[in-house]
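J.: I am attaching a structure below and will ask some questions about it afterwards.
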Amino acid sequence: EPLKIESTRGVTVCTQEYHPEPRVAAIVASHEHPEFIVNVKETGKVLMVDYTDLINMKITSIDTAQFLHDGGWDVTHRYFLSAANKSNKVAVIDSKTAKLLKLVDVGAIPHPGRGANFVDPKFGKVWATPHLGDNTISLISTDTSKKEAWSVVRTLKGAGGGALFVKTHPKSKNLWVDTPLNPDAKMSQNIAVFNLDDLDKPFEQLPIAEWANIGEGPKRVVQPEYSKDGSEVWFSVWNGKDQK
């Protein structure tokens, strides 16, 4: 049974209207403190929940932007970057100080999953998110020693909108971007791959659904995941419930 139940009901960050049933879109554990970081979708609030004392529980509420969804850590595991998808922003949370650093304007309806960390040849350390609403991938600088930190330093042109996940690996020179919700089968069944050593070069598309060889159906290709050693990339291929 749950040790404690806490309500997410409250007012929204923009219009200050009461919302009776906001959803929890993500929960991650802090690397800095014994806290859970909780994204409350409709109110646009990030809750830092200290779980060390459930009787005298401390919750820090951080106002960001509405329609929070998923997010991921920067490479240091201090800063949590969270997509506020219908607000077209990414909120940067400092988990050490429990404060909002910045709301970064990105493309239409960001959907990073956990996002992707890598080193841009020109701009250094970045974190990337694709978008549901357009064909771009926004690269946000995570290098706190640079003036460009927490701003979009490069925008890649991807295959199309409808992206859900982006992925790379420390031992890989590739960035993989899916587009499973794109209405065009050529997009939803293929994967775009960028060369991290040359981000000015156009992406290459790989026919993952064709290689899967599972017959008829929508065959939407989603969520690239690397093996631990970075030697393989795995995908889910989603078909109709009555298909292979």
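The values are calculated or read from the model by the stated rules, or taken from the named source; none is laboratory data. Since the structure is predicted, the reported quantities are computational estimates derived from the model, not experimental observations. Virtual Cβ from ideal backbone geometry, glycine too; neighbours counted across all protein chains shown. Keep in mind that these areas ignore ligands, DNA and RNA; they rest on the heavy atoms of the full protein, side chains included. Shrake-Rupley method; radii C 1.70, N 1.55, O 1.52, S 1.80 Å.
J.: Which of the residues that make up the range 72-93 are under 21 Å from K41 (Cβ atoms) and open to solvent by less than 10 Å² (accessible area, probe 1.4 Å)?
T.: G72, F80, L81, S82, A83, A84, V90, A91, V92, I93
J.: Looking only at the range 172-194, decide whether some residue is open to solvent by 80 Å² or more (accessible area, probe 1.4 Å) and under 18 Å from the mean Cα position of the chain (by Cα).
T.: Yes, the range 172-194 contains a residue that is open to solvent by 80 Å² or more (accessible area, probe 1.4 Å) and under 18 Å from the mean Cα position of the chain (by Cα).
J.: Quickly run through the range 120-147 and pick out the residues that are charged (D, E, K, R) and either part of a strand (DSSP E or B) or open to solvent by less than 60 Å² (accessible area, probe 1.4 Å) (or both).
T.: Matches in the range 120-147: D120, K125, D134, D143.
Here's the yes/no breakdown for (1) polar (S, T, N, Q); (2) under 19 Å from G72 (Cβ atoms); (3) in a strand (DSSP E or B); (4) out of contact with any Pro (no Cβ under 7 Å at 6 or more places or on another chain):
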position	(1), (2), (3), (4)
A149	no, yes, no, yes
R154	no, yes, yes, yes
G161	no, no, no, yes
H169	no, yes, no, yes
P183	no, no, no, yes
V193	no, no, yes, yes
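J.: While we're on this one: Going by the structure shown, is N117 more than 14 Å from the chain's Cα centre (by Cα) and crowded, with 18+ Cβ neighbours inside 10 Å?
T.: Working: more than 14 Å from the chain's Cα centre (by Cα): no; crowded, with 18+ Cβ neighbours inside 10 Å: yes.
Taking the combined requirement at face value, the residue does not satisfy it.
J.: Okay, next question. Please enumerate the residues belonging to the range 203-219 that are within 19 Å of I137 (Cβ to Cβ) and not in a helix (DSSP H, G or I). Don't jump to the end; show me each part of the working.
T.: Filtering the range 203-219 down to residues within 19 Å of I137 (Cβ to Cβ) leaves 203-206, 208.
Residues satisfying the conditions are F203, E204, Q205, L206.
J.: Contact list please: Cβ distance under 6 Å, first residue in the range 5-23 and within 24 Å of I55 (Cα to Cα) and open to solvent by less than 40 Å² (accessible area, probe 1.4 Å), second residue modelled with pLDDT under 95 and of a type in the set (D, E), pairs at least six apart or on different chains.
T.: Listed pairs, sorted by first residue: none to list.
J.: How many residues are among the basic types (K, R) and out of contact with any Asp or Glu (no Cβ under 8 Å at 6 or more places or on another chain) when one looks only at the range 151-183?
T.: Summing the residues that are among the basic types (K, R) and out of contact with any Asp or Glu (no Cβ under 8 Å at 6 or more places or on another chain) in the range 151-183 gives 1.
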